[in-house]
Amino acid sequence: MPRRHLTFRQLETFVTVARLGSFSRAAEALHLTQPAVSIQIRQITESVGLPLFEQTGREIRLTAAGQELLQTARELDDSWNRFESAVDALKGLRKGRLRVALVTTAKYFLPRMLGAFCQRYPDIDLELEVANRARIVERLRANEDDLYIMSFPPEELDVVARPFLDNPLVAIAPLGYPLPAGPLTLAELAPHPFLLREAGSGTRRAIDRHLARCGLTLNVKLSLGSNEAIRDLVATGMGLAILSRHVLGEHPEQDGIRILEVDGFPLQQPWSVVHLRQKILSLPARAFMDELLPALGEGRPG
Ligand code: PGA
């Protein structure tokens, strides 16, 4: 059969005639003239080599060959729809924008994680918004971004949160700071001057919760919105601090900092990727959740 002469257009006409049982109604539905419909049906009939319709009185009915062609046309239509959605999915995934809002402390590891993602999907434009926890929660509430990275998914919002990495908070001191040797308690450290993150930060929230649990207060000399500034001020000898381990380099002592051994430390909480439960995730966002997080060891202990 000279298959190449059959077009999608002709098949659409054939299916419409079969469905409506009438050349004139099909012509109307397709915005064609009736002779145009007749010509197309004649062309398909010639290609197939058998009649597709038979006339009984005023009605037209499908012949056996017509039934076969109708079945095939429907299958083709399904396959084409599947193909179209697959292509849409590919287009949506390879191209597009992924907007991730992260808390200040996550910027120490997230860009590295995202490097692999960017290499894999070079046409996805990434937009990162960095702010402290309070501001990130506001953005989440207003549904401003695709995904959010933070330690404490807000309890007051209906969210989906997927933990994927530990965020240990450690107590630090300047190298050579006079402290008794061996493990310490937070109560022993409490009278020393502390530099802490600002209220509204996730780090401060974790510290304040721990202090409340222990019934302690610290001698807070300075509250600052910058992890780096705190780290550098500690190194210059200004006081002690509690910071995410991610903020310190691999060898903190080379930067003039000692991680202290303190009862109950490090304070542990995982980093989570968070979004509002009702959010319809874009394909890039879904790829981030489904491909990147498992690759990073989501759910693995430690
Ligand atoms: P922060 O957030 O950078 O605002 O301290 C850290 C966190 O969510 O643990």
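The values are calculated or read from the model by the stated rules, or taken from the named source; none is laboratory data. All values reported here derive from a predicted model rather than from experimental measurement. Cβ sites come from the backbone with ideal geometry, for glycine too, and all protein chains shown count toward neighbours.
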statement: Residue count, the stretch 165-176, condition surrounded by fewer than 16 Cβ atoms within 10 Å (Cβ to Cβ) and more than 16 Å from the ligand (Cβ to nearest atom), comes to 2
query: Just for helices (runs of 4 or more DSSP H) wholly inside the stretch 61-174: which have at least 1 residues that are within 13 Å of F288 (Cα to Cα)?
result: 64-94, 110-120
task: Tell me, please, whether a residue that is touching a Ser or Thr at 6+ places or on another chain (Cβ under 8 Å) and not acidic (D, E) can be found in the stretch 232-240.
output: no
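With free of Cβ contacts under 8 Å to residues at least 40 places away in the same chain, within 16 Å of the ligand (Cβ to nearest atom) and touching a strand residue (DSSP E or B) at 6+ places or on another chain (Cβ under 8 Å) as the only criterion, which of L233, L222, L195, L211 stands out? Write out each step before concluding.
Numbers: L233 fails: within 16 Å of the ligand (Cβ to nearest atom); L195 fails: free of Cβ contacts under 8 Å to residues at least 40 places away in the same chain; L211 fails: touching a strand residue (DSSP E or B) at 6+ places or on another chain (Cβ under 8 Å).
Residue meeting the stated conditions: L222.
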message: Exactly one of these conditions fails for R139: (1) within 13 Å of the ligand (Cβ to nearest atom); (2) among the basic types (K, R); (3) at pLDDT 95 or above; (4) over 15 Å from Q269 (Cβ atoms). Give me its number.
response: (3)
message: Quick test for you: out of D88, D123, D145, pick the one residue that is touching a residue at least 12 places away in the same chain (Cβ under 8 Å), farther than 21 Å from S226 by Cβ and more than 16 Å from the ligand (Cβ to nearest atom).
response: D123
message: Among (1) within 16 Å of the ligand (Cβ to nearest atom); (2) out of contact with any Lys or Arg (no Cβ under 6 Å at 6 or more places or on another chain); (3) not polar (S, T, N, Q), there is one condition R97 misses while meeting the rest; what is its number?
response: (1)
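Tell me, which helices (runs of 4 or more DSSP H) wholly within the stretch 177-296 include 3 or more residues that are hydrophobic (A, V, I, L, M, F, W, C) and buried (at least 18 other Cβ atoms within 10 Å of the Cβ)?
Ranges flagged: 227-235, 283-287.
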